[in-house]
Every structure is written in structure tokens, then in C-alpha cells.
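The values are calculated or read from the model by the stated rules, or taken from the named source; none is laboratory data. Note that the structure is a prediction, hence the values are computed from the model and not measured. FYI the Cβ positions are ideal-geometry reconstructions off the backbone, even for glycines, and counts take in every protein chain you see. Ligands, DNA and RNA are excluded from the accessible area calculation, which covers all protein heavy atoms including side chains. Shrake-Rupley method; radii C 1.70, N 1.55, O 1.52, S 1.80 Å.
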Amino acid sequence: MRRVAKDVLVFFIVGLVFSGCYALRKKFVRKRKHAIPPPVYLDLKEYPKVPTKEMYDEYYVFIKGWLDELIRCLENDYGKKRQKKSINEAIENLKQIAYFFTPEGKEKVQPLYEEMLVIKEKVAKPYLSYSDKNFIIRKTQKLKRRLETEFTYEKAKQWLNQE
């Protein structure tokens, strides 16, 4: 009796596979590869070589925003990834501003950049004590105030490349 049930089950499964069960058969059939890849469209944008006030203000606001974000992350004990991203983005935007400057302006912004690198090293530590967090917060606030007093557009336009 068991042998008959087993034979019927095998016959039923074989019948399903080789007969009209399209969905099951479709799973095991290889799909054809497309010979022509879909076209890629690029929308290229021309960027001005001379920095504009809007571009400078945009990077300046980004730096301030990322420094605020770092302070908020440290005060509220947010994750390390968020803290690292905040200081890295602030550094990248400062590099963009420094790219617009003449050599004299780059000399002026270099101490700010070095202080940000010190903060980045401190933030990269796996564990921050309470005093370390307070030190970084105070240093970041001081850095932000210095940025706001010394590098507004009106004060920094003397160092901008005017090619």
C-alpha cells in the first residue's frame, strides 16, 4: 500500500513538472540576456570658474550647519557615525571654500582647517568621556564663532579668486 502511494506521488510530481504547471517551469528556465544595455543619459552642468557670492554663502552655511549638527550630536549622545559624518562634511565644505581663495586666503583658513582635523581625531576615538565631549563641544563652538567673525562673505571677498 505504501509503495503504491509513493509511486502515485512521484507520478503526480513528474506530471506537474513536465505538463501544464507554467509557473513552476518558468522558475527553472534561464532568462535571455539583453544584447543592448539600456541607454544612459547624462545631464552635464557647467560650473562657473569664478566663485559667486551664492556659492560661497552656500558652503559657508553648510559648514555652520554641520558644526551645529556635531554639537547637537555630542550634547544628545547620538551615534558615532553621525558625529563623524558631521565633522567630515564640515571639513569638505571648508576645503571647497579654500579652493576659491587666493594663497593669502588659504593661509588665513589653514588654522581653521587644522583645528577641524584635531576635532576629527578626537571624534574618531571609540569612546569619548564626559570631559572629552565637553572639550570637543567648546572647541567646536569656538571654531564656529571664529568662522562667523572672520569668514563672512564681506570679509572674505578680498581673498577670493577673481579670474
- Query: Can you name every residue in segment 24-47 that is open to solvent by less than 100 Å² (accessible area, probe 1.4 Å) and at pLDDT below 70?
  - Reply: Leu24
- Message: Take the conditions among the charged types (D, E, K, R) and buried (at least 18 other Cβ atoms within 10 Å of the Cβ) and apply them to Glu69. Does it pass?
- Response: yes
- Pair list, Cβ < 9 Å and 6+ apart or interchain, from segment 103-131 residues that are closer than 16 Å to Glu92 by Cβ to residues that are open to solvent by 40 Å² or more (accessible area, probe 1.4 Å) and assigned to a loop (DSSP other than H, G, I, E, B): none
- Answer yes if at least one residue in segment 79-89 is assigned to a helix (DSSP H, G or I), within 24 Å of Tyr130 (Cα to Cα) and of a type in the set (Gly, Ala, Ser), and no otherwise. yes
- Item | Scan of segment 136-163 for residues that are open to solvent by less than 80 Å² (accessible area, probe 1.4 Å) and either without any contact (Cβ under 8 Å) to a residue 60 or more places away in the chain or closer than 18 Å to Pro51 by Cβ (or both), ordered by number | Lys139, Arg146, Leu147, Thr149, Glu150, Phe151, Thr152, Tyr153, Ala156, Trp159, Leu160, Asn161
- Per the filter on segment 90-119, residues open to solvent by less than 40 Å² (accessible area, probe 1.4 Å), assigned to a helix (DSSP H, G or I) and among the polar types (S, T, N, Q) are Asn93
- Message: I'd like to check something: does segment 70-80 contain any residue that is out of contact with any strand residue (DSSP E or B) (no Cβ under 7 Å at 6 or more places or on another chain), among the charged types (D, E, K, R), closer than 28 Å to Gln162 by Cα and in contact (Cβ under 8 Å) with a residue 24 or more places away in the chain?
- Response: no
